[in-house]
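Below is one structure, written out as structure tokens, with a few remarks after it.
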Amino acid sequence: MEILRVENLRKEYGDDNNKVIALDGITLEIERGEFVAVVGPSGSGKSTLLHIIGGVDSPTEGDVYIDGNNISKYSSKELSYFRRRKVGIVYQFYNLIPNLTARHNIELPLKLDKRKTNEKNFLEIVKKLGIEDKLNSFPSELSGGQQQRIAIARSLIYSPSIILADEPTGNLDRKNSKEIVDIFRYFNKALKQTIILVTHDENVALQADRIITIVDGRIVGDEKNE
Ligand code: ADP
């Protein structure tokens with residue numbers, strides 16, 4: 001079943017004198033449970049695509065359907081609900097809140113939504129991520145790999161329809177990169193979690209089920225990875 005459909009997405013930045021076409025007519029469908037890597041040169045539009053799918057940026061033209069709903073038509077209230085419940089974004093530089101402990105960072109999306117933590121679900125996630133003994137630490141006391149694990153836990157805690165990861169291993173060494181990709185792979189398989197991951201690292205992309213290549217804001221390749 002399709003979880004995401006993007007139709008004719010176009011994104012322009014700047015004005016007529018200084019226009020950048022970041023996305024130049026992107027159309028694609030992603031099935032529930034797919035693990036998709038998006039690759040392409042720097043500046044090709046990968047992050048822009050991810051941000052529009054995640055509802056943190058809006059397209060100049062085109063539509064994004066998630067779970068059958070056209071998010072391009074959402075009001076700002078609907079969009080903030082969508083961001084809190086339907087998508088989890090994992091960034092290259094973790095984006096943790098420095099003065100909150102690891103546990104409070106992970107629980108933050110639930111708190112913002114006035115929901116209680118399901119302790120069983122919480123423990124399953126943090127154990128699988130190997131961070132159960134780091135829950136009282138602050139981000140500055142943790143390594144990059146540990147901070148990224150906290151950020152992944154924060155994205156998994158509310159079981160979003162899609163996880164969007166923007167160069168999640170871009171700041172990590174090879175060993176940590178591999179572990180983080182293995183974690184994504186595990187949650188993809190175990191929970192049928194749909195994942196879209198932007199990367200320039202071929203070893204990371206090769207772990208995905210499907211590799212979409214973007215150049216100059218257009219899809220130039222879309223292959224299943226056997
Ligand atoms: P990638 O993630 O593939 O490196 P991006 O999506 O970040 O590419 O950028 C695509 C193009 O859009 C680039 O030319 C970039 O400079 C431009 N761009 C991205 N964000 C903005 C912005 N906020 N304002 C102006 N131009 C932008």
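What the table shows:
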{"item": "Most mobile listed residue (D16, D63, D173) in the chain, GNM with C-alpha springs under 10 Å", "result": "D16"}
{"item": "With 5 Å bins from 0: P(r) over region 2-224, alpha-carbon pairs, percent", "result": "1, 7, 15, 19, 20, 16, 12, 7, 3, 1, 0, 0"}
{"item": "Helix axis angle, 144-156 relative to the chain longest principal axis, alpha carbon, degrees", "result": "80 degrees"}
{"item": "Mean separation of Cα contacts under 8 Å, 6 or more apart, over the residue count of region 25-102: relative contact order %", "result": "19 percent"}
{"item": "Burial order of peptide ranges 150-162, 64-76 (average beta-carbon count within 10 Å, highest first)", "result": "150-162, 64-76"}
{"item": "Partners for K128 among lysines (Cα-Cα distance below 25 Å; same-chain residues under 8 apart left out)", "result": "K86, K111, K116, K120, K175, K178, K189, K192"}
{"item": "For region 147-211, the Rg and Dmax computed from alpha carbons only, in angstrom", "result": "10.9, 30"}
{"item": "Scaled radius of gyration (Cα, divided by 2.2 N^0.38 Å) that region 1-91 gives", "result": "1.09"}
{"item": "Extension gain, E29 back to R218 (0.36 nm per residue minus Cα-Cα distance, nm)", "result": "66.6 nm"}
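Read-outs throughout are calculated quantities, based only on the coordinates presented, and are distinct from any laboratory measurement. As the structure is a computational prediction, the values presented were derived from the model and not from experiment. Quick reminder, even Gly has a Cβ in these numbers, built from the backbone with ideal geometry, and neighbours come from all protein chains shown.
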